[in-house]
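The values are calculated or read from the model by the stated rules, or taken from the named source; none is laboratory data. These figures come from a predicted structure and were not determined experimentally. Virtual Cβ from ideal backbone geometry, glycine too; neighbours counted across all protein chains shown.
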Amino acid sequence: MCCSTISSISLEEVAAASAGPLWFQLYVYRDREVTRDLVSRAEAAGFRALVLTVDTPHLGRRERDARNRFALPPDIIISNLEPYARAQATRWDGPATFTDYIHKQLDSSLTWESVAWLRSMTRLPLVIKGILTAEDAALARDHGAAGVIVSNHGGRQLDGAIASIDALPDIVDGLSGLMPVLMDGGIRRGTDVLKALALGASAVLIGRPYLWGLAADGETGVRRVLDLLRAELELAMGLAGCPSLAAIPPGLVKRRVL
Ligand SMILES: Cc1cc2nc3c(=O)[nH]c(=O)nc-3n(C[C@H](O)[C@H](O)[C@H](O)COP(=O)(O)O)c2cc1C
């Protein structure tokens with residue numbers, strides 16, 4: 001599981017409640033000491049990898065959130081950042097305050113040197129999330145990344161950005177197996193997992209599906225989502241004649257040229 005920096009539950013609590021392998025998703029903050037401390041805490045809590053999200057130098061314009069007057073209950077806070085709370089900076093009453101908070105904290109001047117800086121301070125493998133081109137995947141590798149996550153943030157950042165499944169093949173080709181290429185965005189069915197694997201993904205991640213499970217039936221709902229995806233993938237593999245993940249042929253997906 002990959003736990004977000006802006007989780008409402010602290011990374012230490014998540015680690016204490018989890019038996020499985022954990023990765024910690026990190027944003028680089030203007031205050032580099034906050035970033036440094038978050039990395040140390042993730043290491044101390046037993047997280048096995050850091051996932052640096054690079055597609056959020058600014059928060060995207062989420063018109064649906066505005067239209068729906070989306071607001072979080074005031075008692076939901078960014079627990080991980082509480083220790084660094086500058087007065088009420090980590091608390092917010094609604095989307096306006098939350099957006100302001102994120103705008104203030106995210107470092108929009110992030111460069112590849114920032115990645116090298118992060119690499120130099122941790123022994124954990126660093127995975128770069130939010131890669132959509134082969135050039136950036138190569139740069140990630142040159143700057144010490146252990147892997148990349150092909151992602152457009154679930155389409156929540158830049159309207160019109162390429163779909164991650166469309167960006168995936170070039171990135172896989174460009175890296176020629178030199179490091180793992182994971183992807184997320186739009187994985188809703190086991191057949192979507194199969195397609196991503198056939199197009200060269202080492203693994204996929206999900207964002208909204210587990211949240212829907214959580215909303216429908218709490219922990220049981222999340223389990224159900226994962227069980228469904230696994231069962232659908234296994235059935236799809238069986239029907240496509242693939243007895244193992246390694247046996248999924250690249251030619252399984254035919255790309256229609258328009
Ligand atoms: C409610 C919500 C919160 C998210 N928060 C983060 C986050 O804190 N950090 C991050 O890197 N990505 C975040 N994402 C993006 C997801 O990590 C992921 O890239 C995306 O949801 C995948 O697409 P999917 O929802 O279609 O599976 C968030 C997505 C959603 C829906």
* To do: Restrict the check to segment 191-207 and report whether at least one residue is surrounded by fewer than 14 Cβ atoms within 10 Å (Cβ to Cβ) and in contact with a Gly (Cβ under 8 Å, 6 or more places away or on another chain).
  => no
* To do: May I ask you to list pairs of residues, at least six apart or on different chains, whose Cβ atoms are under 7 Å apart, with the first in segment 202-216 being closer than 14 Å to V150 by Cβ and the second being surrounded by fewer than 18 Cβ atoms within 10 Å (Cβ to Cβ) and modelled with pLDDT under 95?
  => G207/G154
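Kindly evaluate D217 against the criterion of being more than 13 Å from the ligand (Cβ to nearest atom), on the phi < 0 side of the Ramachandran plot and among the charged types (D, E, K, R). Break it down stepwise before answering.
Working: more than 13 Å from the ligand (Cβ to nearest atom): yes; on the phi < 0 side of the Ramachandran plot: yes; among the charged types (D, E, K, R): yes.
So D217 passes the test.
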* Asked: Quick check: is even one residue across segment 198-214 at pLDDT 95 or above, out of contact with any helix residue (DSSP H, G or I) (no Cβ under 9 Å at 6 or more places or on another chain) and more than 24 Å from I131 (Cβ to Cβ)?
  -> no
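Do you know which of the residues in segment 177-204 that are part of a loop (DSSP other than H, G, I, E, B) and of a type in the set (A, V, I, L, M) is nearest to the chain's Cα centre (by Cα)?
First, the residues of segment 177-204 that are part of a loop (DSSP other than H, G, I, E, B): 177-180, 185-189, 199-202.
After this cut, where a residue has to be of a type in the set (A, V, I, L, M) as well, the list is 178-179, 187, 199, 201.
Working: L178: 21, M179: 17, I187: 13, L199: 19, A201: 14 Å.
Step by step, filter segment 177-204, then rank; the result is I187.
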* Does R189 satisfy the criteria of being farther than 19 Å from M1 by Cβ and of a type outside the set (S, T, N, Q)? -> yes
* Residue match in segment 230-238 (condition: more than 29 Å from S4 (Cα to Cα) and buried (at least 16 other Cβ atoms within 10 Å of the Cβ)) -> yes
* Structure fact -> Picking from V28, V54, V39, the residue that is surrounded by 16 or more Cβ atoms within 10 Å (Cβ to Cβ) and under 19 Å from L205 (Cα atoms) would be V54
